[in-house]
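For reference, the structure discussed in these notes is given below.
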Amino acid sequence: MRDAAIRDDVGVLVRAGAIAAVASERELRREHPHAAIVDCEQGVLTPGFVDSHTHAIFGRARYEEQELRSTGVPYLEIARRGGGIHASVRDLRGRGEEELFALAAPRLTRLAASGVTTVEVKSGYGLAVDAELRTLRVIRRLAETLPMRVVPTWMGAHEIPVEHREREQGRREYLELLVREMLPAVVRERLARFADVFCEPGVFSVDESRQVLTAARDAGLGLKLHADELASGGGAELAAALGAVSADHLAAVSDDGIRALAASGTVATLLPATLLFLGMRDQAPARRLIDAGVAVALATDFNPGTSPTTNFPLVLTLGVSQLRLSVAEVLVAATVNGAAALGIADRTGQLAPSFSADMALWAIEDVRELPYWLDTGRCHASWTRGKPCHPRDLALAF
Ligand SMILES: [Zn+2]
């Protein structure tokens, strides 16, 4: 992660949506005199960012909780009072597919405008068969409509819904519903590539998470896990044991958890904007994870409750200022390792021959400006599979 392979004076040759060569500009111009040319004007070209953790399908924003938290009401207490995830669940259940699509599309477009060319989007504000399927169908439609690469994740195990909490056997019944009804329906319609579970004391226990994830794996889905966000509960160890592609959050990961991740190859996806927004003092131990040999990815965790941001470069800024990573490390975390956290590191995340032409062009002079500017609007253009993803004035498709 310490070497981002930054080069000067290069051109990128793109053919049929894929990168065909990366070489000196003069060489490429000589060998391909008839190629259409986009002048990058001495800017910085990076692989398109991979935002490997978002909850972008929701209804209304939840600004009222921010002030509550500032008076000291903790996150799990807000959830207990019917706020938090439950508020988003009530809200989403009342909205149709069309409406959810219309709300989500501009959010993803804003992410694209911040250099993101691949985005993972989770369900998890439905928590009932019809509402979860509706959410995943919206994600599929976004994937078909937007130029970005959209990776769908089923997260029916985001929380135990209120109607199940209130009954004595409700918890067990919801787990059965997840495994026996929801998961088979998701798989039947091929609506998700991954399954994710909020494994946290007070939400889903390690045993319950294992039950859902094992069923998902048997049904052919890849695995991700919200692990050790608020307390260390064995989530990272479970992700490693099940061969999950990623364990996400990890602010409270234990030393055993770090060792397990290092041994397994599971990517640690860190979400520093969430902890910043929640006003938490301690960020995930990024340096210890990297020194132990864990691949670290960075993502926005874009969601209405705890990380209402589509500003991907802000996450890079936090990677340096809060997680104490180097510029090379945050660049790798946002590209190669983000792709690995979605199981697609063989096709996106690098500017190299045979990779998809997923690129972001920045109106900056030096790559170190990417995590430096604490603002937005510097992504000049981006492409996914060679097609304009965030067109400003450069609308050329390759
Ligand atoms: Zn999340």
Expressed in nm to one decimal, what extension gain is obtained for the pair GLU98 and ASP256 from 0.36 nm per residue of sequence separation less their Cα-Cα distance? 52.4 nm
Are there GluC sites (Glu not before Pro) in the stretch 186-290 that DSSP puts in a loop and that have at most 16 other Cβ atoms within 10 Å, and which ones? GLU189
Just the projected area, averaged over all directions, of the convex hull on the alpha carbon atoms of the stretch 290-333: how many nm²? 3.3 nm²
Given the stretch 270-315, report the % of alpha carbon pairs whose separation exceeds 16 Å. 40 percent
Everything considered on the Cα gyration tensor (a ≥ b ≥ c; rounded for a/c under 1.5, else prolate if a/b is larger than b/c, else oblate), the stretch 307-398 must be described as oblate
On average, how much area does the Cα convex hull of the stretch 134-246 cover when viewed from any direction, in nm²? 7.4 nm²
Which residues qualify? For ALA345, with a placed amide H closer than 5 Å and at least 5 residues away or on another chain, they are ALA340
Which far-off residues, 5 or more places away or on another chain, put their amide H under 5 Å from the one on GLY156, with H placed in the peptide plane? ASP196
Fully extended contour minus Cα-Cα distance, from THR376 to ARG281, at 0.36 nm per residue: 31.7 nm
Helices from the chain with mean Kyte-Doolittle at least -1.0 and a Cα length along the axis of 15 Å or more, per DSSP H: which? 97-113, 129-145, 206-218
Which value results when the Cα radius of gyration for the stretch 76-117 is divided by 2.2 N^0.38 Å? 1.53
Please calculate the 1.4 Å probe accessible area of THR214, with all protein chains present, and give it to the nearest 10 Å². 40 Å²
Translational D in µm²/s for the stretch 23-136 (Stokes-Einstein at 37 °C, 0.692 mPa s, Kirkwood Rh from C-alpha pairs): 187 µm²/s
Hey, what's the chain come to in accessible area per residue, 1.4 Å probe, Å²? 41 Å²
Return the calculated 222 nm mean residue ellipticity for the chain, to the nearest 500 deg cm²/dmol, obtained by summing -39500 (n - 2.57) across DSSP H runs with n ≥ 4 and dividing by the residue count. -10500 deg cm²/dmol
The chain - share of DSSP beta bridges that are antiparallel (%, nearest 5): 40 percent
Applying 1/(1 + (r/R0)^6) with R0 = 56 Å to the Cβ-Cβ distance of GLU31 and ARG167, what FRET efficiency is obtained, to the nearest 0.05? 0.20
Can you list the trypsin sites (Lys or Arg not before Pro) in the stretch 2-49 that are in a DSSP coil and have 16 or fewer other beta carbons within 10 angstrom? ARG2, ARG7
Kirkwood-based Rg to Rh ratio, the stretch 200-286, C-alpha trace: 0.97
Return the tail of the calculated pair distribution for the stretch 187-247, meaning the percent of Cα-Cα pairs more than 15 Å apart. 41 percent
Strictly greater than 16 Å: what percent of every Cα pair in the stretch 1-66 meets that? 64 percent
Protein accessible area in the stretch 32-174, 1.4 Å probe - carbon and sulfur %: 52 percent
From the Cα gyration tensor of the stretch 232-383, with a ≥ b ≥ c the square roots of its eigenvalues, which class applies: rounded if a/c is under 1.5, or else prolate if a/b is larger than b/c, or else oblate? oblate
Compactness index (Cα Rg / 2.2 N^0.38 Å), the chain: 0.96
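The values are calculated or read from the model by the stated rules, or taken from the named source; none is laboratory data. Bear in mind the structure is a predicted one, so any value in this text is a computation, not a measurement. Positions of Cβ are generated from backbone atoms using ideal geometry, with glycine treated the same way; all protein chains shown enter the neighbour counts. What goes into the accessible areas is simple: the full protein's heavy atoms, side chains included, and nothing from ligands, DNA or RNA. Shrake-Rupley method; radii C 1.70, N 1.55, O 1.52, S 1.80 Å.
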